[in-house]
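Participant: The structure under discussion is supplied below as C-alpha cells; questions concerning it will follow.
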Amino acid sequence: MTTTTTTPLPRDEKAAPMAMTTPRPARRRLRKDLVRSRIAAWSAVLVIGALGMLPVYWLLVTALSTPGQAFQFPPKLIPTEITFSNFSALAENDQLFTYLVNSMIVATITAVLSVVVATYMGYSFSKFRYRGRRSLMHLVLASQMFPQALLLVTLYTVFSSFGLLNTYTALVLSFTTFTMPLCVWMLKGIFDTIPDALLEAASIDGASRWRTLHSIVAPLAAPGMIAAGLFAFVRGWNDFIFALTLADKEKQTLPPGLVSTYIGEFQTAWPELMAASLVVSVPVVVAFMFLQRYLVGGMTAGSVKS
Amino acid sequence: MTTSGISRRSALRMFGIGALGVAGAGTLAACAPSGGSSSSNGGDTKAKDFAFTSWSLNEEAAKPAVEKIIAAWEKAEKSKIRTVSYPYNEYLSQLTLKLGGGETTGAVQLDIAWLGAVAQMGKLADLSAAAKKGGYTDVGVKSGVYDGVQYGLPWTTGSIGLIANSKLLEKAGITEHPKTTEEFEAALRELKGLGGGVVPYAAATKVAQLKDIFPWMQTFGCTLLDGDKVTIGDDASVDAVTWYKKLHDAKLIAADVDRFDARALFGQGKAAFYDDAIIGKGATAAQSKDKTLADAMQPVTRPVLTSGDTPRALLWGHVIAVAKGEGQEAATEFALHATSDRATTVEYFETLALPPATTQGLADPKVKDDAFTTAWTEQITKTATGSPFWQFAQNAQIEEAVAKQVQAVLVGGAKPKDAMKQAGKEVADLIKR
C-alpha cells in the first residue's frame, strides 16, 4: 500500500499556479472513493451475510414461537411473543437423547476410521511409486461418481446379506464410503507438501518407514488430519437417507430421528423441530468453532507447493 | 513431484475402473439374498408373532392409539408384534426397498394412493376372504382393491374435499353452499367483497399440492385416463385450468399456497374455503387462536359444472395390507381386527377423528353423532373416487408433471391449451416407462 504526504504551502504562496494546489482535491476525491468502496464492500458483506444468516435467524424465531405464530400467514420476521416451551419439551423426549448418542457414536467413529485409513492411503499415494498407484487413486475417486441412491440400494442388499442391518457397523461403513475419497485426496495433497528430503533424513538416521510416518510425517500433517476428521464427522452427523434406511429406531441418528418425531402425515411441528435442530446442532457448531482454522488450513494445504 | 493432469490414457483407465466398479456393485447386489425376486418373504406363515409396519407409530397424535390396539392384540392372543415405522414422507420408498429385500413381513399400513405401486411388487397377500368378514362399506372395500384383488383391508376411508368457514359465509350473506361452479364463483366474489385480506378460496397453487386440480378437471368432464389413453389435454381439462386461472387473476384464489398455507389462512379466519382431508379439521382448528373455529367448519360438496352432475372428490384413506410369508395368517387376523372390530374402530375414531370403514362403525352413535364426520361421509366420501394414476409407480412424477404445467398457466408462462397438451404428453411418457 502506498501513502501520499504533502507539505503545507505558506500563506504567500496561495496564488501559486493551479498545478501546485491539485493535491488537496485529488486527496479528497481519493478519500471519497475510498469511503465509497468501503461502503460498497460493507454493504455487500452485510447483504450476503444477512442472506446467509436469515435461515438461522428464522430457525431461532420459529423455535421461540407458539404453533399459532409459526403458522401465521403472511409470516412475521419479528415475533410478538416468545416461548421457551419448545425447548423445555425436548427434555421430556427420551428418544431424542438416544438419537443424539447414536449420532455422536457414529459420527465420531466415522471420523476416526476415515482419518486412520485415509492417512495410510494418502501417504502411500503420495510417497511411494508402485504399479497400479494411479489406477487405485482414480478408483478411490470413482467411488464418488455414483449417485448415493444407487449405492444405497447396493449397500442395503450387501449389509442385509451379511446381517449387518440395524447396527452401528452398517452406518459407520456406509458413511465412511462417502467420506474416505475426499479424506484420502485431502491428505495426499498435504503429504505432497512434506519434502522427501525430510523422509530421507529420517531414513539416514535409522528410522523405519513405519516410524517415519508416525513420528515425523503424521505430526506435520496433523492440521490436515483434523480437517479431514472434521469433514467426516460433519458428513456422518448430517446424513439422513443412509441412517434412515440401514438402521432401526434404536440405532438411528438425529436427522432421521428428528424427521420421524416431528414431521407427520398431516402436520409438521415446526417450532419443536426448529428447537430440537438448534439444540442438536450445538455440538457441531462448537467443534467447528474450535477446529475451523484446521479445516480451512487443511483444505488448502495441498493446493500450493513450495 | 507428480503431475495431476489427466491424459487420455488416464481417462480411459478411469472409465475402465468406473465400469469395473459398476460391475462390482452389480455382482455384490447379485450376491444379496434372493428375497427381491421371490413372491414371498419366507418364514412360517402360521407364526403367531409378526411385524407391523406403520407410519402412525411415528406420529405423536396417532402413536398411543395404535399402540393400544397392538397391546390389546398381544394380550388377547398371547403373541408379540414387532413394530417398525418410517416417516410418512419417506415411507413408500423405505417400504418398497425393504419389502423387496425381504426384510418387511407381517401387517403393513398403506396410504390408499400407494396400494397399486406396492401390490405390483407381488409381495402382498390376497385378503379377499378376510374382507368378506369385515362388514366394510363399498367405498372402503374398493379402496383396498388393486387389479381386481383385495390387497388391503380399509382402516379408515374418507376423502379430500372442500371445507367452508360458515362464519365468513354468513358475513358475506351466503346462506346456502354453492351447488355449481357458477354459483361457487359468484360466492367467491361475494367473499372477496368482505375485504380485510380475505382469500375467498385458499386453493392449492404451489406445485407440491396442485394435484388438487384433478377433481376440478373431473368436474369439468375430463376423465384423466381413459383405458390406456391419457385424456389430460382435452377440452374439459383446458376449460378447468382456464377457469382456475380466471379465479387466480381475479384474486379469488391466492398465489403460492399449499395445504399448510391454506390451513394457516383458514385458521386465522382469512380463507372461506379450502381443500383438505377429513382429518384436516383437527389440524387446522388446533393451530387457530379462534377456539370456536371447529364449530364453524363445514364440509362442502364440490360444486358441479351442471346441475345433476356427480360431485367429484378424491378418495383418501389408509388400509392394512399383509406381506406374504412370516406370520401372514396372524397378521391377517390382526388387520381384520384393527379395521373392523366395532369397539376398536370407534375408539380409534374418538381419539383421532379418523372415520371407520365399516357400516357398523359408521352407525355407532359415537360416530354418527359427530355432525362433521357424518356430513362429510354422506356429502363427500360417498361419491369420491381414487385417482386413475395411483396404479402407476410413477404417480408422484405424474402429479408433479401436471402441477408444473398448471402453475405455468397461473403465472402466465403458458396458455392453458398448450400447457395441458404438454402435461398430457408428459404423463403419457411417464406411464410408458
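Participant: Quick check, is B:Ala403 buried (at least 16 other Cβ atoms within 10 Å of the Cβ), of a type in the set (A, V, I, L, M, F, W, C) and either outside the structural domain of B:Asp258 (by TED's automatic domain parsing) or in contact (Cβ under 8 Å) with a residue 12 or more places away in the chain (or both)? Full working, then the answer.
Facilitator: Working: buried (at least 16 other Cβ atoms within 10 Å of the Cβ): yes; of a type in the set (A, V, I, L, M, F, W, C): yes; either outside the structural domain of B:Asp258 (by TED's automatic domain parsing) or in contact (Cβ under 8 Å) with a residue 12 or more places away in the chain (or both): yes.
Judged against the criteria, B:Ala403 is a match.
Participant: Going through the range B:205-236 one residue at a time, which ones are touching a Phe, Trp or Tyr at 6+ places or on another chain (Cβ under 7 Å), assigned to a helix (DSSP H, G or I) and farther than 24 Å from B:Ala262 by Cα?
Facilitator: B:Ala236
Participant: Collect the residues in the range B:75-104 that are part of a helix (DSSP H, G or I) and under 25 Å from A:Asp94 (Cα atoms), keeping them in residue-number order.
Facilitator: So in the range B:75-104, the residues part of a helix (DSSP H, G or I) come out as B:75-77, B:88-100.
Passing the criteria: B:Tyr88, B:Asn89, B:Glu90, B:Tyr91, B:Gln94.
Participant: Then there's this: Where the second residue is in a helix (DSSP H, G or I) and of a type in the set (Phe, Trp, Tyr) and the first is more than 8 Å from chain B (Cβ to nearest Cβ) and lies in the range A:249-265, which pairs have Cβ atoms under 7 Å and are six or more apart or on separate chains?
Facilitator: Here the result reads A:Lys251/A:Tyr168; A:Gln252/A:Tyr99; A:Thr253/A:Tyr99; A:Leu254/A:Tyr99; A:Gly257/A:Tyr99, each pair linking the range A:249-265 to a residue that is in a helix (DSSP H, G or I) and of a type in the set (Phe, Trp, Tyr).
Yes/no matrix, rows are residues, columns are (1) under 22 Å from B:Ala353 (Cα atoms); (2) of a type in the set (D, E, K, R); (3) in a helix (DSSP H, G or I); (4) touching a residue at least 24 places away in the same chain (Cβ under 8 Å):
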site: B:His248; (1), (2), (3), (4): no, no, yes, yes
site: B:Ala255; (1), (2), (3), (4): no, no, no, yes
site: B:Ala262; (1), (2), (3), (4): yes, no, yes, yes
site: B:Asp275; (1), (2), (3), (4): yes, yes, no, yes
site: B:Ala283; (1), (2), (3), (4): yes, no, yes, no
site: B:Asp295; (1), (2), (3), (4): yes, yes, yes, no
site: B:Arg302; (1), (2), (3), (4): yes, yes, no, yes
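Participant: Which is modelled with pLDDT of 95 or more, surrounded by fewer than 23 Cβ atoms within 10 Å (Cβ to Cβ) and within 29 Å of B:Thr377 (Cβ to Cβ), of B:Asp126, B:Asp138, B:Asp147?
Facilitator: On the way: B:Asp138 fails: modelled with pLDDT of 95 or more; B:Asp147 fails: modelled with pLDDT of 95 or more.
The unique qualifying residue is B:Asp126.
Yes/no per residue for (1) more than 13 Å from chain B (Cβ to nearest Cβ); (2) part of a helix (DSSP H, G or I); (3) surrounded by 15 or more Cβ atoms within 10 Å (Cβ to Cβ):
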site: A:Thr98; (1), (2), (3): yes, yes, yes
site: A:Ala107; (1), (2), (3): yes, yes, yes
site: A:Val115; (1), (2), (3): yes, yes, yes
site: A:Leu141; (1), (2), (3): no, yes, yes
site: A:Leu150; (1), (2), (3): no, yes, no
site: A:Thr154; (1), (2), (3): no, yes, yes
site: A:Thr157; (1), (2), (3): no, yes, yes
site: A:Leu164; (1), (2), (3): no, no, yes
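Participant: For the range A:121-130, state whether one or more residues are away from every other protein chain (no Cβ under 14 Å), aliphatic (A, V, I, L, M) and in contact (Cβ under 8 Å) with a residue 12 or more places away in the chain.
Facilitator: Yes, there is a match, as at least one residue in the range A:121-130 is away from every other protein chain (no Cβ under 14 Å), aliphatic (A, V, I, L, M) and in contact (Cβ under 8 Å) with a residue 12 or more places away in the chain.
Participant: Every residue in the range B:282-316 that is within 12 Å of chain A (Cβ to nearest Cβ) and either crowded, with 19+ Cβ neighbours inside 10 Å or acidic (Asp, Glu) (or both), please.
Facilitator: Step one: list which residues in the range B:282-316 are within 12 Å of chain A (Cβ to nearest Cβ), which gives B:282-291, B:293, B:316.
If the condition is that a residue be within 12 Å of chain A (Cβ to nearest Cβ) and either crowded, with 19+ Cβ neighbours inside 10 Å or acidic (Asp, Glu) (or both), then B:Ala283, B:Thr284, B:Ala285, B:Gln287, B:Ser288, B:Asp290, B:Leu293, B:Trp316 are the ones that fit.
Participant: Of all residues in the range B:266-285 being out of contact with any helix residue (DSSP H, G or I) (no Cβ under 6 Å at 6 or more places or on another chain) and at pLDDT 90 or above, which is farthest from B:Val406 (Cα to Cα)?
Facilitator: Going through the qualifying residues, I end up with B:Gly269.
Participant: Also, I was wondering about something else. Name the single residue that is nearest to the other protein chains (Cβ to nearest Cβ) among those in the range B:59-86 being surrounded by 22 or more Cβ atoms within 10 Å (Cβ to Cβ) and not hydrophobic (A, V, I, L, M, F, W, C).
Facilitator: That would be B:Glu59.
Participant: Could you tell me whether B:Leu20 is more than 30 Å from B:Ile320 (Cα to Cα), among the hydrophobic types (A, V, I, L, M, F, W, C) and modelled with pLDDT of 50 or more?
Facilitator: Numbers: more than 30 Å from B:Ile320 (Cα to Cα): yes; among the hydrophobic types (A, V, I, L, M, F, W, C): yes; modelled with pLDDT of 50 or more: yes.
Spelling it out, B:Leu20 is indeed more than 30 Å from B:Ile320 (Cα to Cα), among the hydrophobic types (A, V, I, L, M, F, W, C) and modelled with pLDDT of 50 or more.
The values are calculated or read from the model by the stated rules, or taken from the named source; none is laboratory data. Note that the coordinates shown come from a computational prediction; the quantities given were computed from them, not determined experimentally. We place every Cβ from the backbone using ideal geometry, glycine too, and count neighbours over all the protein chains shown.
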